[in-house]
DNA sequence: CATGTTGTTCGCAAAATTACGAATAATAAT
DNA sequence: ATTATTATTCGTAATTTTGCGAACAACATG
């Protein structure tokens, strides 16, 4: 445990960042709503997701900061939607991780 | 924002739990090691991943608590490996989320 | 211009996460 | 029995996350 000079790869950092953004029920609920396209507006989400508006804003910001969603001002409201580019990036990274482990021939007993 | 009686679905909670477990570079590094089957032992990981042993233990515990890995005592060390059953469950849940959003015809401008 | 609507930011508090070294436990080796 | 090896748990501290209501900003409406 002496060779500690090496940190994590950019891929590992990015992967963890995406996963962390997905790591809360409110944020999964937001993405579920966006997936069902039932709505894309803050106000609509606020009626369905059981948290205060300010808390919802924070979770939306975190998804935005992670790059997974984006917001467009559509007065008088704000329309949120998936950031396709980064979402695809996340999808491929998760897929790769799952594939790598799936293809792992090592089996524990 | 009055209909707050409904919490999150079990699926959403489970999804968030898996994602949260993946939400740290150390834990991604652990899984990368398990994927490469380069090693499965705490001591080996400790030489590659730049954190104190006790910290590594904590991260291993979190992956264990989330059900993603399991440890088998193989004296004098401990052999860690993927929990296939739960890993497959996680994979299918992530795949589903990505598929749902991929198939979403709603496009923002 | 006063009011209402929509959503963010601020201020704060509670809880969880992250990290480390020291202490501990369990087992093997001398 | 003492010592060495391996990994976890304990104790502690710093940081981050989560959550809420109040205050605020931006714009539309009466």
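The values are calculated or read from the model by the stated rules, or taken from the named source; none is laboratory data. Keep in mind it's a predicted model, so treat the numbers as computed, not measured. Neighbour counts run over all protein chains shown; Cβ positions are idealised from the backbone, glycine included.
Observations on the structure shown:
- For the range A:44-81, filtered to residues that are more than 10 Å from DNA strand C (Cβ to nearest atom) and assigned to a strand (DSSP E or B), the residue that is modelled with the lowest pLDDT is A:72.
- Output for the range B:19-61, where each listed residue is more than 8 Å from chain A (Cβ to nearest Cβ), within 22 Å of residue A:93 (Cβ to Cβ) and loosely packed, with under 14 Cβ neighbours inside 10 Å: B:38
- Residue within the range A:14-31 that is in contact with a strand residue (DSSP E or B) (Cβ under 8 Å, 6 or more places away or on another chain) and within 14 Å of DNA strand C (Cβ to nearest atom) present: yes
- Residue within the range B:69-77 that is out of contact with any strand residue (DSSP E or B) (no Cβ under 8 Å at 6 or more places or on another chain), closer than 21 Å to residue A:16 by Cβ and surrounded by fewer than 20 Cβ atoms within 10 Å (Cβ to Cβ) present: no
- Just one of (1) touching a strand residue (DSSP E or B) at 6+ places or on another chain (Cβ under 7 Å); (2) at pLDDT 90 or above fails for residue B:90. It is (1).
- Any hit, the range A:6-13, residues being outside any helix (DSSP H, G or I), within 10 Å of DNA strand D (Cβ to nearest atom) and within 9 Å of chain B (Cβ to nearest Cβ): no
- Where residue A:69 falls short, out of the listed (1) under 16 Å from residue B:101 (Cβ atoms); (2) facing chain B (nearest Cβ under 9 Å); (3) in contact with a helix residue (DSSP H, G or I) (Cβ under 6 Å, 6 or more places away or on another chain): (2)
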